[in-house]
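These notes concern the structure reproduced below.
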Amino acid sequence: MASKFLDLVSENAPDFDLEVQLAHKLMPFERRFLLSPNLWRNKPTTVQLNWTSYKFTKENKNSIPEEKGIYMFVVSHKADWIPENNYILYVGQTGYKKPHRTLKVRYQDYLNDQKSSRDRKKINEMLNLWKDDIYFVCSTVPPRTHLGKLEARLTECLIPPYSEGDIPVGEIKKAIKVLRNP
């Protein structure tokens, strides 16, 4: 098992200790998550959300609903040796300001962002660091749902690491700024 970790370490830095070399290999994958039961228990909506999960691949594009809705990107390693796990990385919505934009259209936007994105470097990073284990999880919503408010409430309750610019103004945003930039 230790030899597999050693394989991760590059031969380019022979002057460093093995632990330092390994830390440099693992560093791009490090993320801080704020896991707050107090925020989770504050249910953000009365809207019934029926989540469907799709492995984020080009092949799954045609399975995505052509309706407006809410979505998340989660990283999850599906294996028989560990229990089911999900880490919510990002929350978004589509169809609020631009009603013609469906979940399927937004999915295609992210496929494009995965290839190259000058404007959304963090999103490009998210989609590529975990490319083998990232999922697009979405739910369509009833027609009168205020998607902007729903996205804001979910973001406030979950505080995903790649949604930092989307956290609404207020006490939560100020607290997160303090936590992420002590």
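Readers should treat all values here as calculations from the given coordinates under stated rules, not as data from a laboratory. Bear in mind the structure is a predicted one, so any value in this text is a computation, not a measurement. Note that each Cβ is placed from the backbone with ideal geometry, even for glycine, and that neighbours are counted across all protein chains shown.
What distance in nm lies between label points placed 7 Å from Cα along the C-beta direction at Asn50 and Glu125?
Roughly 3.7 nm, to one decimal.
Once you put a point 7 Å from the Cα of Asp80 and another 7 Å from the Cα of Asp132, both along the Cβ direction, what distance in nm separates them?
Using points 7 Å along Cα→Cβ, the separation is 1.8 nm.
Say a paramagnetic label sat at a point 7 Å from the Cα of Asn42, along Cα to Cβ; which residues of region 78-95 have their backbone N under 19 Å from it?
What the label zone holds, given the 19 Å backbone N cut-off, is 91-92.
For the residue pair Leu35 and Leu22, what label-to-label distance in nm results when each label sits 7 Å from Cα along the Cα-to-beta-carbon direction?
In this crude label model, Leu35 to Leu22 measures out at 2.2 nm.
To check my understanding: the extent here is largest minus smallest coordinate of the Cα atoms along each principal axis. What are those three numbers for region 35-180, in Å, largest first?
For region 35-180, the Cα extents along the three principal axes come out at 40, 39, 34 Å.
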